[in-house]
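Worksheet: the structure to be examined is printed underneath.
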Amino acid sequence: MELKNAVAGTLESGDIMIQIGPAAQGLSIELDSSVEAQFGRQIRSLIAETLQGLGIEKAQVKAVDKGALDCTIRARVTAAAVRATGKDVWKD
Amino acid sequence: MRNSKLSSLEEAIRRSGLRDGMTISFHHHFRGGDKVVNMVVDKLAQMGFKDLKLAASSLSDVHAPLIEHIKNGVITGISTSGLRGELANAISHGLMAEPVVFRSHGGRGSAIASGELHIDVAFLGASSSDELGNACGFSRSENAKSICGSLGYALPDARYADHVVVITDDLVAYPNMPMSISAADVESVVVVDSVGDSSKISAGAIRDSKNPRDILLAKQAAKVVINSGLFEDGFSIQTGTGGASLAVVKYIRESMLQKGIKASFALGGITAHMVKLHEEGLIGKLIDVQSFDKVAAESIKNDPFHQEVSAVEYASGMHKGSAVHALDIVILSALEVDVDFNVNVLVGSDGIIRGAIGGHQDTAADSALSIIVCPLLRGRIPCIVPKVTTLITPGSTIDVVVTEYGIAVNPGRPEVAERLRLAGLKVVDIHDLAAKATSIIGTPDPLPFGDRVVGIVMNRDGSVLDKIHIIR
């Protein structure tokens, strides 16, 4: 799937900002989280899982997390993916 | 004047007989605005002192310059109620070879009184002093430069330290009366430009919350107080720091007016809220170990029924006369509460020290009813947990935990649970709260603690409660 650079989310407490862009191969996730020690592993796998669920296998992701819950992370990743692919997963 | 004790800081230090390895002490009544600790330790470093032990009533963000003095070997030991900011971060990551000793305010008072914590030289900031050392946390002169109100945490130091240096920014004519620190305890008086920035007294842990969740928690906690069985004419109350626990006062006030109930006294850190209730006649007397804002500091200066109290008389577990023994209700905050009602107020869930014991242990243990107010989650950080990161206040002394998902009552207080249930409050099992938190955030990975001990948490009776390990 063709990707443009896109972003979703904010740097507010309780939110996560997802930047997504094209990659030659694979999924790379760079995470900066205020809860890295306890939840970094879970957040990375949730981002990967959400993207794969949307059919995105090749992407570069930068995420800045301020303690977001899973539902927020899923929503921000989905929104960034929709903006990057132009494919509205809610409508299409 | 004759027998004046005035001297420069350097001269006062020389005169004190301070030597390497000795213990120096400070109070934290200026909180985030304190200038005395940095000023004195800078001077001690300049004069070539090494291996000093710093016994502070508490330390905060403003004391980050101590990091250099620790690296240079000027300070090699610290005891305090709390640590925040860069200094706390550096110590959590292993800055000091010797672990920091954490004590509650009452515990520190007891340790000083018993000699367990011996102070060689106390450096005590004061907003006014005369040339003999009668000193106060406020000034009645027109040259007043600062105000911190109560000097409660400095009084044990003044009384028990071998040598006392008063540092003031307003030298007033003798006699500076009424005084907090008596000239009888003071060896030297040093005049400086500024001992502290009074506008920063209410910085740090104290904030007036507009957060809707804090307000919800405060309203729930007020209902607990009102239906506790202790809410009757002549009751007494204390609130800790933290938005929700401070806001509770506002909602209790409404009920007091409605039912015509008056409190006999409010204790501890005194805030503008408490002063307002006192001035309205709803609280008879204020017993103030620490003025939490400028309104409280002004009040203690002007109101004879707003009484300063030393840390020992406030909260010592070893002194039968201490005020906490007469306290009915205390409302406290927490970073974490576990399913055994144990509380952590010192170490963040990232393993980094970021708080203070304060009077938590003391008031929880000796009050008739201790109420913790805290949300289930702060962002992704759980506050109700299977086991606290660090044990600060034992669960046996905690009676009620108020969260936005329900109120948990210690199984040791079934009569309290029954009263709250009858009042229509949602009483839940604390295990269910912990499970609810886990269902929302998942199970956190364990923190990367190392083996080295960077902090020791004392109980108020002088026993060791827990150890804080280095974080990687």
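Values quoted throughout were computed directly from the atomic coordinates according to the rules given, and no laboratory measurement underlies them. Everything quoted here is computed from the prediction, not taken from an experiment. Every residue, glycine as well, gets a Cβ built from its backbone with ideal geometry; the counts of neighbours run over all protein chains shown.
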What is the set of long-range amide H partners of residue A:27 at a cut-off below 5 Å, with H atoms built 1.01 Å from backbone N? A:59
Going by the alpha-carbon gyration tensor, a ≥ b ≥ c the square roots of its eigenvalues, is chain B rounded (a/c under 1.5) or, if a/c is not under 1.5, prolate (a/b greater than b/c) versus oblate? oblate
Take peptide A:38-45, look around each residue's Cβ out to 10 angstrom, count Cβ atoms belonging to other protein chains, and average those counts. 4
Region A:1-78 versus region B:295-357: alpha-carbon centroid distance in Å: 42
What percent does the relative contact order of chain B come to when contacts are Cα pairs within less than 8 Å and at least six residues apart? 16
Relative packing of peptides B:63-73, B:445-455 - highest average C-beta neighbours within 10 Å first: B:63-73, B:445-455
Quote the relative contact order of region B:212-447 in percent (integer), defining contacts as alpha-carbon pairs under 8 Å separated by 6+ residues. 18
Just to be sure I understand: with springs between alpha-carbon atoms less than 10 Å apart, which residue in A:79, A:68, A:37 has the highest mean-square fluctuation in the Gaussian network model of chain A? A:37
Here the relative contact order (percent) of region B:344-458, from C-alpha pairs under 8 Å and at least 6 apart, is 24
For region B:416-432, take each phi angle, set θ = phi - 60°, evaluate the Karplus expression 6.51 cos²θ - 1.76 cosθ + 1.60, and give the result in whole Hz per residue in order, putting x for glycine and proline. 5, 4, 4, 4, 5, 4, 4, 7, x, 7, 7, 8, 10, 7, 5, 5, 5
Could you let me know the centre-to-centre spacing of region B:61-84 and region B:111-188, using Cα atoms, in angstrom? 23
Determine, at each q value in 0.10, 0.12 (inverse angstroms), the log₁₀ of I(q)/I(0) that the Debye formula gives when each Cα of the protein assembly as shown is one equal point scatterer. -0.86, -1.12
Sorted peptide list for B:169-175, B:126-132, criterion being average Cβ within 10 angstrom, highest first: B:126-132, B:169-175
Through the Karplus equation 6.51 cos²θ - 1.76 cosθ + 1.60, θ set to phi - 60°, convert the phi angles of region B:244-254 into ³J(HN,Hα) values in whole Hz; use x for Gly and Pro. 5, 5, 5, 5, 3, 3, 4, 7, 5, 4, 4
